[in-house]
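The values are calculated or read from the model by the stated rules, or taken from the named source; none is laboratory data. The structure displayed is predicted, hence computed values, not measured ones. With ideal geometry, Cβ positions are generated from the backbone for all residues, glycine too; neighbour counts draw on all protein chains shown.
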Amino acid sequence: MSTIMRESVSAAILRQLARQERRVFAGWRALILLRRATFELPDAGRRWRQLPREWSDIQPVVRQMERREEIEPIENLPGVYQVVVPYARSWFVQEDEILMEVHPYCVVTHLSALVFHGLTDQFPNALHAMAPADGRGGLLPADTHASDWEGLELPRGRRAERIMNHPVQWRRWRPERVFGLQEYRPRGYPVRVTTPERTLLDGLLEPSACGGIENVLLAWGRAASTLDLDDLVSMVDRFGVNVLRQRAGFIMDHMGLAHPGLKAWRGQTQRGGTSKMVAADPYSPHYDETWSISLNAPINVLRDPFG
């Protein structure tokens, strides 16, 4: 007579972490994974009976996993663990994977997003991230669904000061500014990052957070052939900032990126204004009449962004 092998709690958690190619997890994720396993496996196929309902229900198991050296806590980030069983030893743990577990509603932005999308050769000395001002920004933790959280309290995000000994530079966005985001999976697990289009617009609004205006313009040039112009124009309109229309409109014209929305933007441009490509830098007499903007930036790099 065959004996049915029953899966343990720790094996169920590790199996699902491996399936998702995760090397890092927070306590709240272990809870969700074990709940999924409870629904997935028949009673005869698992060693536990009760559906876990809160983090305290599985803390003893997580401590056992620590003692068995299947996982280890990540320094200075309570409740976040690194998997150290064989499947997880093939890759290095990345800052962004830890970040998404520490603050499950955050977004990688600005210079860090430019690096992620391969649009800059600069490397930031801090990880740039956004946290919604209202806590969640209408988002759910990555790789979870609303059904996972029925009857449960959503985890709170923590704005860690440092991750893997690198500082994190946080920004808080109002709910209406939480757009232009996407989950990417370059290493299996999801990372929420501003899209290339949103990142380039953030660069025009805050060039200092993206390595400076020359770096931003180089990124525009490098991304030109792959941009989704409909998304780009839609996001500019969603921002509702006139000077952003002028900056983006000039750049698109200069690079030959045609879109019907540019005509409407030109109609909203105030003639003879004092708008500048870079708000913090001195006014330049090099002026574009079509977009009524002072070109106080090295516009020439747009023509040879890979040079």
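Before moving on, here are some points about what is shown:
- Test result for GLU153, surrounded by fewer than 17 Cβ atoms within 10 Å (Cβ to Cβ) and charged (D, E, K, R): yes
- For the residues PRO52, PRO42, PRO104, the requirement of being exposed (fewer than 15 other Cβ atoms within 10 Å of the Cβ) and either in contact (Cβ under 8 Å) with a residue 24 or more places away in the chain or of a type outside the set (Asp, Glu) (or both) singles out PRO42.
- Filter result for GLU75 (acidic (Asp, Glu), in contact with a strand residue (DSSP E or B) (Cβ under 7 Å, 6 or more places away or on another chain) and either surrounded by fewer than 18 Cβ atoms within 10 Å (Cβ to Cβ) or not in a loop (DSSP other than H, G, I, E, B) (or both)): no
- Scope region 262-279; condition surrounded by 14 or more Cβ atoms within 10 Å (Cβ to Cβ), over 13 Å from ASP237 (Cα atoms), modelled with pLDDT of 95 or more and of a type outside the set (D, E, K, R); matching residues: MET277, VAL278
- Residues satisfying the stated conditions in region 1-39, i.e. under 22 Å from PRO104 (Cβ atoms) and not hydrophobic (A, V, I, L, M, F, W, C): ARG15, GLN16, ARG19, GLN20, GLU21, ARG22, ARG23, GLY27, ARG29, ARG35, ARG36, THR38
- Qualifying residue in region 105-116 (condition: outside the structural domain of ILE163 (by TED's automatic domain parsing), β-branched (Val, Ile, Thr) and outside any loop (DSSP other than H, G, I, E, B)): no
- Contact map, region 278-297: residues that are at positive phi paired with residues that are exposed (fewer than 13 other Cβ atoms within 10 Å of the Cβ) and part of a loop (DSSP other than H, G, I, E, B), Cβ distance under 8 Å, separation 6+ or inter-chain. Pairs shown: SER292/GLN270; SER292/ARG271; SER292/GLY272.
- Selection within region 55-72 - surrounded by 18 or more Cβ atoms within 10 Å (Cβ to Cβ) and part of a loop (DSSP other than H, G, I, E, B): GLU70
- Flag for ASP253 being surrounded by fewer than 20 Cβ atoms within 10 Å (Cβ to Cβ), acidic (Asp, Glu) and closer than 30 Å to PRO141 by Cβ: no
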